[in-house]
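J.: Below is the structure I would like to discuss, written out as structure tokens.
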Amino acid sequence: MPVNIHEAVKPQLSSIDVDPDRPLIISDADEVLFNFMHGLEIFLRENDMFFDWSSFALHGNIRYNEDKSPVAKETIPGLLDQFFDTHCHRIPAVAGAAEQLEKLSQQAQIVILSNIPPQYADKRREGLVKNGMDFPLIANVGAKGHVVEYLTRDLKHPSFFIDDIPTNHSSVLKHAKHVERLHYVADDRLSRMLAQAEDSHVRLNSWPDIHNHIVQKIENSR
């Protein structure tokens, strides 16, 4: 197993069996399967804060209701820990994600690769199962390229990577160039702020579009 994969991730990879004779879909979770920002806004309201949407960065945009001042940068990691602990399993699912993944699972294997802190993996899994997306989960730490490379190392059929973060596409390009990289941002507000990831193959705007794109690629590969 590559040395650049985080030690917390390696045991998770060892427990996942990838069939080399079936296509593979590797999907992110937040802003792909789950409406992360919608869930975060609920959490912020409950704690007398709000997100002001000046940009897509968390620092500077999370503000206190009382005086509109930004939350200090060093406070944000603890705030996110609290959010994942109390809300991870309650984040609303993206419309169509479960239905389209279920249809895609007839033609491909599916693995969820989420940069959720590993200590909250069980809560992420709870949210996936509750919303009809009971697929293998990897709670990743760091860039995703080496993990994608490992998962697709023996694959004889097309593979697909779906993520909202441009740097993750860059990482996959660097370490697993053979994987088709689909850029998708579920929240319309975030989507308008973020151009297509430079290192993705395509930008798609809905789960039906993702389904159709992947099915066409699989059928064309036969």
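The values are calculated or read from the model by the stated rules, or taken from the named source; none is laboratory data. All figures in this text were calculated on a predicted structure; none of them were measured in a lab. Every residue, glycine as well, gets a Cβ built from its backbone with ideal geometry; the counts of neighbours run over all protein chains shown. We work out accessible area using only protein heavy atoms, side chains counted, and drop any ligands, DNA or RNA first. Shrake-Rupley method; radii C 1.70, N 1.55, O 1.52, S 1.80 Å.
J.: Can you send over the carbon and sulfur percentage of the accessible area for the chain, probe radius 1.4 Å, protein chains only?
T.: 49
J.: Could you work out the Kirkwood radius for the stretch 158-204, taking every pair of different alpha carbons, averaging 1/r and inverting it, reported in Å?
T.: 10.5
J.: Now for a different question. At 7 Å along the Cα-to-beta-carbon direction for both I42 and N61, put a label point, then send me their distance in nm to one decimal.
T.: So the two model labels end up 1.9 nm from each other.
J.: So with the 1.4 Å probe, I'd like the accessible area per residue for the stretch 130-222, rounded to whole Å².
T.: Accessible area per residue, the stretch 130-222: 48 Å².
J.: Still on this structure, please answer the following. Search the structure for amide H atoms under 5 Å from the amide H of A93, placed 1.01 Å from N in the peptide plane, and list their residues when 5 or more places away or on another chain.
T.: Hits under the 5 Å cutoff: N35.
J.: Which order do you get for L58, L33 if you rank them by accessible area with a 1.4 Å probe, largest at the top?
T.: L58, L33
J.: Sequence gap at least 6, Cα distance under 8 Å: using those rules, report the relative contact order of the chain to the nearest whole percent.
T.: The normalised contact order for the chain reaches 26 percent.
J.: While we're here: Counting only C-alpha contacts under 8 Å and six or more residues apart, can you give the relative contact order of the stretch 12-90 as a whole percent?
T.: 18
J.: Determine, for the chain, the count of lysine pairs separated by eight or more sequence positions (or lying on different chains) whose alpha-carbon distance falls under 23 Å.
T.: Here the count comes out as 18.
J.: Give the relative contact order (percent, whole number) for the stretch 133-193; include only Cα pairs under 8 Å separated by 6+ residues.
T.: It comes to 35 percent, rounded to a whole number.
J.: Please sort 153-166, 202-215 by packing, taking for each peptide the average over its residues of neighbouring beta carbons within 10 angstrom, highest first.
T.: Order by mean packing, descending: 153-166, 202-215.
J.: Distance between Cα centroids, the stretch 104-143 to the stretch 167-187: provide it in whole Å.
T.: 17
J.: Another question, then. How large is ³J(HN,Hα) for each residue in the stretch 155-161, as worked out from phi by the Karplus curve 6.51 cos²θ - 1.76 cosθ + 1.60 (θ = phi - 60°), to whole Hz, x for Gly and Pro?
T.: Computed from phi, the couplings for the stretch 155-161 are 5, 10, 10, x, 10, 9, 10 Hz.
J.: Report ³J(HN,Hα) in whole Hz for each residue of the stretch 71-82, in order, from the Karplus equation J = 6.51 cos²θ - 1.76 cosθ + 1.60 where θ = phi - 60°; Gly and Pro get x.
T.: So the J values, rounded to whole Hz, are 5, 4, 4, 6, 7, 5, x, x, 5, 5, 4, 4.
J.: May I ask you to compute the full-extension gain from K73 to F50, defined as 0.36 nm times their residue separation minus their alpha-carbon distance, rounded to one decimal in nm?
T.: Going from the current span to full extension adds 6.8 nm.
J.: Just how large is the dipole of the stretch 10-89 about the Cα centre, in debye to the nearest 20, putting +1 at every Lys and Arg Cβ and -1 at every Asp and Glu Cβ?
T.: It comes to approximately 160 debye.
J.: Right, next: Roughly how many debye, to the nearest 20, is the charge dipole of the chain about its Cα centre, given +1 on each Lys and Arg Cβ, -1 on each Asp and Glu Cβ, and no other charges?
T.: 480
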